[in-house]
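Chemist: Let me give you the structure first, and then I'll get to my questions.
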Amino acid sequence: MSRTPLIAGNWKMHGTIEEAEERVAAVLPRIATLESVEHGVCVPFTALQAVVDSTRGSALKVFAQNMHYAPDGAFTGEISAPMLTELDVHGVLLGHSERRTLFGETDKALQLKVPAALDAGLEVILCVGETEDERENGDTERRLRHQVQEDLEKVPTERLGEITIAYEPIWAIGTGKVATAEQAQDALAFVRALVADRSKEQAERTRILYGGSMKPDNAAELLALPDCDGGLIGGASLDVEQIVAIIEAAARS
Ligand code: PEP
């Protein structure tokens, strides 16, 4: 089965509404003719509505960076799936390592968030990945197994293929360190095998992205890996030239 690659930019907590609109306005005409790749942006809450409105009718997919699992309730400071769909947001990034390590995101919460997002009609990008210590101690597969199994436990098997999983070695995020092609392929294939444990057919549909210091100079090698269906891009997604170069590399992969 062929899976259309997705290049998703994660803007994190960067930029004003005006900067967000300017960035997408600069990128979209440059990639308009590239049909064999999808582009998404994970936008701060404050700029979601503006980016949705200014890109309506384009192929850009607009994602939020987090979401609560409940549809509403006494959860001060949180945003729900119905609130995102009311904005016409396309999807949501869940379980980013910064949410896990800095804000106490748990696999138990993700187990509720992932199906809540799907049920609301949101496309999910679920992040998983090991720390440097876990890799050095030979615990990478144990960590990935735990995250994938736990976070997807309540997703009906026939919907597993709708989820995009971003494999992001935490030691490579924002550090300039990149997994070797062999490390990345081993982990991406392992994640696909974990989905295949529930359904081989769904595992063939599931998009698995690599994330962690993907840049124009290493994108082609990573995107060519057999189990790599795109990238989740942090730093380089804030720079128009760099993200366009990565999207072009994905279109050629
Ligand atoms: C990320 O934040 O998901 C990420 C991959 O960041 P960077 O590309 O900057 O390593």
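The values are calculated or read from the model by the stated rules, or taken from the named source; none is laboratory data. These figures come from a predicted structure and were not determined experimentally. Methodologically, a virtual Cβ is constructed for each residue, glycine included, from the backbone with ideal geometry; neighbour enumeration extends over all protein chains shown. Surface areas here come from the heavy atoms of the whole protein model, side chains and all, with no ligands, DNA or RNA. Shrake-Rupley method; radii C 1.70, N 1.55, O 1.52, S 1.80 Å.
Chemist: Rounded to the nearest Å, what's the spacing between the alpha carbon centres of region 104-156 and region 170-223? Just the number, please.
Modeler: 14
Chemist: Roll a 1.4 Å probe over the protein chains and send me the accessible area per residue for the chain in Å².
Modeler: Numbers: 11240 Å² over 253 residues.
That works out to 44 Å² per residue.
Chemist: Pick from 211, 121, 77: which is most flexible by mean-square fluctuation in a GNM of the chain where alpha carbon atoms under 10 Å apart are linked?
Modeler: Its mean-square fluctuation being the largest, the pick is 77.
Chemist: List the residues of region 142-156 whose backbone N lies under 17 Å from a point placed 7 Å from the Cα of residue 101 along the Cα-to-Cβ direction.
Modeler: 143-144, 147
Chemist: Also, I was wondering about something else. Only Cα pairs under 8 Å and at least 6 apart count here; give the relative contact order of region 6-252 as a rounded whole percent.
Modeler: On the way: 473 pairs, mean separation 50.9, N = 247.
21 percent.
Chemist: OK, next. What ranking, highest mean first, results for peptides 13-26, 30-43 when packing means the other Cβ atoms within 10 Å averaged over each residue?
Modeler: Details: 13-26: 15.3, 30-43: 18.6.
The most tightly packed comes first, giving 30-43, 13-26.
Chemist: Got a sec? What order do 108, 177, 113 fall in by accessible area at 1.4 Å, biggest, i.e. largest, first?
Modeler: 108, 177, 113
Chemist: For 167, 69, what's the largest-to-smallest order of accessible area, 1.4 Å probe?
Modeler: Details: 167 0, 69 90 Å².
Per-residue accessible area, sorted high to low, gives 69, 167.
Chemist: Using mean Cβ contacts within 10 Å as the protection proxy, how do 85-98, 222-235, 148-161 order, highest first?
Modeler: The packing order, highest mean first, is 222-235, 85-98, 148-161.
Chemist: If you roll a 1.4 Å probe over the chain with all protein chains in place, what percent of the accessible area is carbon or sulfur?
Modeler: 50
Chemist: A follow-up question, please. Once Lys and Arg get +1 and Asp and Glu get -1 on their Cβ, which of 173, 230, 193 lies farthest toward the positive end of the dipole of region 6-252?
Modeler: 193
Chemist: From the helices alone, meaning DSSP H stretches of at least four residues, give me the mean residue ellipticity at 222 nm for the chain, per-run term -39500 (n - 2.57), in deg cm²/dmol to the nearest 500.
Modeler: Theoretical 222 nm ellipticity from helices: -13000 deg cm²/dmol.
Chemist: Quick one: which residues, 5 or more positions from residue 68 or on another chain, have an amide H under 5 Å from its amide H? H modelled 1.01 Å from N in the peptide plane, none for Pro or chain starts.
Modeler: So residue 68 has HN proximity to 79, 80, 81.
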